[in-house]
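**Student:** Take this structure first; my questions come after.
None of the figures in this text is laboratory data; all of them are computed from the coordinates on show. Since we're looking at a predicted model, the values are computed, not measured. Heads up, the Cβs are rebuilt from the backbone with ideal geometry, glycines too, and the neighbour counts pull from every protein chain shown.
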Amino acid sequence: MDKFFAAVSLFRRRKYDECIEVCNELLQNNALHQGPWELKMRSMTQRVYIDDIEADDDVPEDILDTQTIATAPRPGTSIRTAVIENLSSTATAKTAGARPRTGTGRPITGISRPGTLSLQRPGSTLGNKTAMKTARTAGSARNIRLGSASMFSVGDPTGPLFHISRLHPDKYAEKEHLSKPLFQYLYYHEGDIRKAMGLCDAVLKIKQSAAGWWWNTQKARCLITTGSPREAEHYLNTALAEIYHQDTVLLLARIYIKMDQPTAALEVCKNGLEKLPNDITILTQQARILELVGNLAASVRRYRQISQLDSMNTEALACIAVSYFYGNQPETALLYYRRILSMGAHSAELYCNIGLCCLYGGQLDLVFPCFQRAIRMATSSDLKADIWYNLSFVALTTGDAHLARRCLRLCIATNGSHGPALNNMAVMVARQKQYPKAKSYLLSAKVALPNSEEITNNLEFIENFE
């Protein structure tokens, strides 16, 4: 079999490392062969490719502070107001109206989306009012057919493809078959946003209006990465005027989310669904925005629609499950979580949520085995602290105060800034009439959760006994 054909076959089967090795062999025989060079570039890009639309799901406060126009937005039109209204939930009883949320304000379901795990606030787990979050060869410049001698690296084919510092974007802007993979290589593999944006500018300058939606979208992607969402808005609108694509719609919606304009983001998703009916990615984005602004009923309706279109969508199933849990239907929520478990999604958060559903559903014999498995599977300290905190609530529910205190101590030992655990520990200590010790716990909890009304009320109550 021809080696280049074999390399193409490996690339199509997503065996990128093997494809790169075959390309290196071909480049050793002929370093001027353009086919292996381009295929190696594509393989190196796909090997490290990450869907940055999914990965960047946060709402940076610094952007919100500088981009927002209105200082007092109307209810339901701002993400910050929705987040503030839900940050003080740290009680010890399951309440349908006070669901726990991540640092971005998203209700926690037990299934983490890319980009959300690092933003989850400590102590957010599904139980008690808290849910678990959930080419080189020697040769002269006139013999090099690909690129230029100032950019093309010759010598060792296993080394870098070219010298990025010597790249001249204008020389590749007119080569349609090479400019797109070159942009992806610069953006995803090398992470050189400046060079990637320079290539976009060169293509847009040459092709003018005929540049196509793809290059406008990539230009906007670079601007978003460099922190210029308002400038990226123009390029995305230009791309949407030519064709409605899921990536363009999601990027534009993400811009409006960064600017704290969820109503505009929902309008973008609505227009996208008119052009692309029942598109799961746009429906998911719409449901997430509805969660951010606190419209949980509409968000659950969207997730139900997604589950009808894609019965294997774990995010939709988890959000529906947590909705049933806080709707006092733990048995129904347990069915959805078991469905996720049967699809192979084994995680500590999922087992913790199943244990809590079993607790409220009356299946007490399954509660502790689920928590034991969750503790074994927990990796981070924050996650272990959340599990111990939920387990302390299980102990309180069953009347075992001694076990509850031990679990809370383990939770605080794992994460000393776990506000809900410090608050509950203060309550248990106060019942033993150790008021100075209880006050010290409450002061630490106040530092961790300064907006919690419950901790403030407990502090006022303790001060009356001093």
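**Student:** Work out from phi, with θ = phi - 60° and the Karplus expression 6.51 cos²θ - 1.76 cosθ + 1.60, the ³J(HN,Hα) of each residue of segment 380-387, listed in order in whole Hz, and give x for Gly and Pro.
**Tutor:** Using θ = phi - 60°, the values come out as 7, 5, 5, 5, 5, 5, 4, 5 Hz.
**Student:** Taking the Cα atoms of segment 1-46 alone, what are Rg (to one decimal) and Dmax (as a whole number) in Å?
**Tutor:** In order Rg, Dmax, the Cα atoms of segment 1-46 give 9.2, 26 Å.
**Student:** Going toward the positive end of the dipole of segment 312-466, with +1 on Lys and Arg Cβ and -1 on Asp and Glu Cβ, which of ALA430, ASN353, VAL447 do you reach last?
**Tutor:** Working it through, the farthest residue towards the positive pole turns out to be ALA430.
**Student:** Would you kindly derive the ³J(HN,Hα) couplings of segment 239-250 from the backbone phi angles with the Karplus curve 6.51 cos²θ - 1.76 cosθ + 1.60 (θ = phi - 60°), listing them in order in whole Hz, with x for Gly and Pro?
**Tutor:** 5, 5, 5, 8, 7, 8, 10, 4, 4, 5, 5, 5
**Student:** Just how many % of Cα pairs in segment 409-452 lie over 15 Å apart, if you round to the nearest whole percent?
**Tutor:** 33
**Student:** To continue, here is another question. Starting from the eigenvalues of the Cα gyration tensor, five times each then square-rooted, give me the equivalent ellipsoid semi-axes of segment 209-360, largest first, whole Å.
**Tutor:** Its equivalent ellipsoid spans semi-axes of 35, 15, 14 Å.
**Student:** Roughly how many debye, to the nearest 20, is the charge dipole of segment 351-446 about its Cα centre, given +1 on each Lys and Arg Cβ, -1 on each Asp and Glu Cβ, and no other charges?
**Tutor:** 440
**Student:** Then there's this: Using per-residue counts of other Cβ atoms within 10 Å, averaged over each peptide, order 381-390, 222-231 from highest down.
**Tutor:** 381-390, 222-231
**Student:** Rg and Dmax of segment 342-396, Cα atoms, in Å?
**Tutor:** Just the Cα atoms of segment 342-396 yield Rg and Dmax of 10.6, 32 Å.
**Student:** What lysines does LYS384 reach when the alpha-carbon gap must be under 18 Å and sequence neighbours fewer than 8 apart in one chain are set aside?
**Tutor:** LYS129, LYS133
**Student:** Then there's this: Give the peptides 17-24, 241-248 in descending order of average Cβ contacts within 10 Å, highest first.
**Tutor:** 17-24, 241-248
**Student:** Per the Kirkwood treatment, what hydrodynamic radius in Å, one decimal, follows for segment 314-466 from the mean inverse distance over all distinct Cα pairs?
**Tutor:** 16.4 Å is the Kirkwood radius here.
**Student:** With the Cα gyration tensor of segment 202-286 in hand, convert its eigenvalues to equivalent ellipsoid semi-axes via √(5λ) and list them largest first in whole Å.
**Tutor:** Here the semi-axes work out to 21, 16, 9 Å.
**Student:** Would you kindly derive the ³J(HN,Hα) couplings of segment 267-276 from the backbone phi angles with the Karplus curve 6.51 cos²θ - 1.76 cosθ + 1.60 (θ = phi - 60°), listing them in order in whole Hz, with x for Gly and Pro?
**Tutor:** 5, 4, 5, 5, 5, x, 6, 5, 7, 10
**Student:** Roughly how compact is segment 369-435, stated as its Cα Rg over 2.2 N^0.38 Å to two decimals?
**Tutor:** 1.08
**Student:** Oh, and also: Check the straight Cα-Cα distances from LYS3 and name the lysines below 18 Å, setting aside those fewer than 8 residues away within the same chain.
**Tutor:** Here the lysines satisfying the reach criterion relative to LYS3 are LYS15, LYS40.
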